[in-house]
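Quick notes on the structure that follows.
The values are calculated or read from the model by the stated rules, or taken from the named source; none is laboratory data. For clarity, every value in this text was computed on a predicted model and none was experimentally measured. Ideal geometry is used to build each Cβ from the backbone, glycine not excepted, and the neighbour counts take in all protein chains shown.
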Amino acid sequence: MISGRDVEKAYTLIHNHIVKTPTVYSNTLSALCGCQILFKLENLQMTGSFKDRGSLNKLLNLTPEERVRGVITASAGNHAQGVAYHCQRLGIHAKIVMPIGTPLIKVVSTQNYNAQVILHGENYDEAYELASDLPVREGLVFVHPFEDPFVIAGQGTIAMEILEEELCQGLQAVVCPIGGGGLISGIAAYLKGKKPAIRIIGVEAAICPAMKRSLEKGFPVKLESASSLADGIAVKKVGKINYEIVKKLVDEVVTVEEDEIANAVLLLLEIEKIVAEGAGAVPLAALVNRRVHLEGQKVLSIISGGNIDVNILNRIITRGLIVEGRIMQLKIKLRDIPGTLNAVLAIIKRLQANILEISHHRFDSSAPFGYVNVSITLETKGHQHIGEMERALKENGYLSS
């Protein structure tokens with residue numbers, strides 16, 4: 001088990017070289033979630049995630065001989081950048097194995113810290129297999145992204161900062177993402193020793209709930225690979241050390257769906273102007289969708305990272321808008337005569353929806369002769385507004401019942 005003393009030692013080593021990230025209160029999201037919600041903004045670390053903490057603590061605990069040998073790790077992005085950045089600072093050679101499908105921005109960012117990047121495997125676990133084999137062949141030191149006592153203790157330094165925050169006085173719960181389990185293990189190891197009454201709740205993507213399944217089975221299980229908006233926590237198997245800490249110290253583990261994650265990313269961006277990657281948004285997704293019952297309590301949500309590909313961000317925002325009922329997509333079959341489309345547009349105008357896109361499929365239409373298919377994307381005010389639009393179109397014969 002990792003002790004509070006291990007976390008304090010880690011903080012002594014790393015605190016001058018990391019960002020003491022701020023904690024902020026959200027009035028709007030508190031009302032939406034039914035609790036007093038605070039956010040710990042780990043997305044403001046130098047490399048955009050909490051991984052700076054654990055990777056630095058591990059590197060500072062290497063022996064002089066190990067520093068000369070250099071290090072290797074596997075990562076889908078955040079851990080890679082944390083290791084690469086601090087290796088560059090400390091003059092340690094770093095080799096990083098990343099999955100082939102890693103977003104280009106994360107690969108380039110890692111290379112910009114002078115790390116040697118190897119693209120291998122379809123997912124993190126396949127990259128990990130290669131990275132864990134190379135230390136024996138090349139004499140490198142393996143820096144595990146989550147199952148390492150120094151890494152776990154480094155991540156736990158977040159908890160020290162939480163308890164020092166004036167805003168966090170009277171804190172009743174911490175909601176934290178779970179991937180391999182390093183972050184929540186470190187936080188739990190420190191908080192439960194200092195403030196055992198504070199509830200610690202972990203959140204996973206429902207498509208890849210490795211920790212939840214492990215707790216149900218009574219031992220770490222290995223899941224099938226899965227693709228998630230929260231790619232930073234889509235891990236097939238949690239660490240053994242992390243599992244034992246979570247089993248002993250974490251109060252509850254819950255899951256959230258992909259649409260809920262997308263909506264949480266949108267809420268953070270639109271309401272609080274916080275850029276969070278999918279993994280960083282899962283705590284809010286759990287709170288908004290009442291996966292945990294913390295009504296009226298003071299709750300801190302860990303925004304674990306903000307490294308999101310801008311090309312993916314646009315798709316996530318669109319998905320989030322659809323979940324909220326703020327975008328409506330219509331497919332209508334119209335009589336192919338003058339004025340029919342204008343009649344549909346008049347209904348849209350009357351109900352005050354905004355047209356974002358319209359496509360009149362005349363030449364590749366599958367509609368019967370004498371008809372034409374039209375696709376319309378609308379900006380709407382919510383699900384009630386969408387219902388009004390559908391009823392009006394059905395009453396006028398433009399949508400089938």
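When segment 319-364 is filtered for residues that are hydroxyl-bearing (S, T, Y) and either crowded, with 18+ Cβ neighbours inside 10 Å or within 16 Å of L378 (Cβ to Cβ) (or both), only S359 remains.
For segment 222-235, the set of residues classified as surrounded by 18 or more Cβ atoms within 10 Å (Cβ to Cβ) and either among the hydrophobic types (A, V, I, L, M, F, W, C) or farther than 15 Å from A276 by Cβ (or both) consists of L229, A230, I233, A234, V235, listed by residue number.
Scan segment 261-275 and tell me whether some residue there is in contact with a helix residue (DSSP H, G or I) (Cβ under 8 Å, 6 or more places away or on another chain), part of a helix (DSSP H, G or I) and closer than 19 Å to A188 by Cβ. No, every residue in segment 261-275 fails to be in contact with a helix residue (DSSP H, G or I) (Cβ under 8 Å, 6 or more places away or on another chain), part of a helix (DSSP H, G or I) and closer than 19 Å to A188 by Cβ.
The residue that is surrounded by the fewest Cβ atoms within 10 Å (Cβ to Cβ), counting only those in segment 290-318 that are charged (D, E, K, R) and over 21 Å from S228 (Cα atoms), is E295. Among the residues of this structure, N263 counts as one that is of a type outside the set (S, T, Y), at pLDDT below 95 and assigned by TED's automatic domain parsing to the domain that holds G77.
Against the test of being more than 25 Å from G306 (Cβ to Cβ), crowded, with 22+ Cβ neighbours inside 10 Å and assigned by TED's automatic domain parsing to the domain that holds G280, the options I72, I37 yield a single qualifying residue, I72. A Cβ distance below 8 Å, combined with a sequence gap of six or more or placement on separate chains, defines the contacts here; from segment 83-104, residues that are in contact (Cβ under 8 Å) with a residue 12 or more places away in the chain reach residues that are of a type in the set (D, E) and surrounded by 24 or more Cβ atoms within 10 Å (Cβ to Cβ) in the pairs Y85/D52; H86/D52.
Considering only residues of segment 78-108 that are under 12 Å from G48 (Cβ atoms) and modelled with pLDDT under 90, which is surrounded by the most Cβ atoms within 10 Å (Cβ to Cβ)?
K106
On the given criteria, is E277 touching an Asp or Glu at 6+ places or on another chain (Cβ under 9 Å) and acidic (D, E)? It is true that E277 is touching an Asp or Glu at 6+ places or on another chain (Cβ under 9 Å) and acidic (D, E). Y243 meets each of the listed conditions (1) more than 16 Å from the chain's Cα centre (by Cα); (2) surrounded by fewer than 21 Cβ atoms within 10 Å (Cβ to Cβ) apart from (2).
Within segment 100-128, the set of residues being within 22 Å of G239 (Cβ to Cβ) and assigned to a loop (DSSP other than H, G, I, E, B) comprises T102, H120, G121, E122, N123.
Among the listed residues I261, I271, which satisfies the condition of being of a type outside the set (D, E), surrounded by fewer than 24 Cβ atoms within 10 Å (Cβ to Cβ) and out of contact with any Pro (no Cβ under 8 Å at 6 or more places or on another chain)? Give the derivation first.
Details: I261 fails: surrounded by fewer than 24 Cβ atoms within 10 Å (Cβ to Cβ).
The match here is I271.
Listed here are the helices (runs of 4 or more DSSP H) enclosed by segment 138-224 that have at least 2 residues being closer than 15 Å to H79 by Cβ and of a type in the set (A, V, I, L, M, F, W, C): 149-164.
Go through (1) modelled with pLDDT of 95 or more; (2) in contact with a helix residue (DSSP H, G or I) (Cβ under 7 Å, 6 or more places away or on another chain) for L223 and report which single condition fails. So the condition that L223 fails would be (1). Considering the conditions (1) without any contact (Cβ under 8 Å) to a residue 24 or more places away in the chain; (2) out of contact with any Gly (no Cβ under 9 Å at 6 or more places or on another chain), V107 is excluded by exactly one of them, (2). Condition check for Y25 on (1) farther than 30 Å from H120 by Cα; (2) surrounded by 17 or more Cβ atoms within 10 Å (Cβ to Cβ): one failure, at (2).
Every condition in (1) of a type in the set (G, A, S); (2) more than 30 Å from E270 (Cβ to Cβ); (3) touching a residue at least 24 places away in the same chain (Cβ under 8 Å) is met by S366 except one, and the failing one is (3). Tallying residues that are charged (D, E, K, R) and out of contact with any strand residue (DSSP E or B) (no Cβ under 6 Å at 6 or more places or on another chain) within segment 88-116 yields 2. A single member of R5, R67, R53 is over 21 Å from the mean Cα position of the chain (by Cα), among the basic types (K, R), assigned to a helix (DSSP H, G or I) and crowded, with 17+ Cβ neighbours inside 10 Å, and it is R67. For the condition over 17 Å from the mean Cα position of the chain (by Cα) and assigned by TED's automatic domain parsing to the domain that holds A94, S227 does not qualify.
Determine whether segment 180-193 contains at least one residue that is surrounded by fewer than 23 Cβ atoms within 10 Å (Cβ to Cβ) and not small (G, A, S).
Filtering segment 180-193 for residues surrounded by fewer than 23 Cβ atoms within 10 Å (Cβ to Cβ) gives 192-193.
The next check asks that each one be not small (G, A, S); those that pass are 192.
Yes, some residue in segment 180-193 is surrounded by fewer than 23 Cβ atoms within 10 Å (Cβ to Cβ) and not small (G, A, S).
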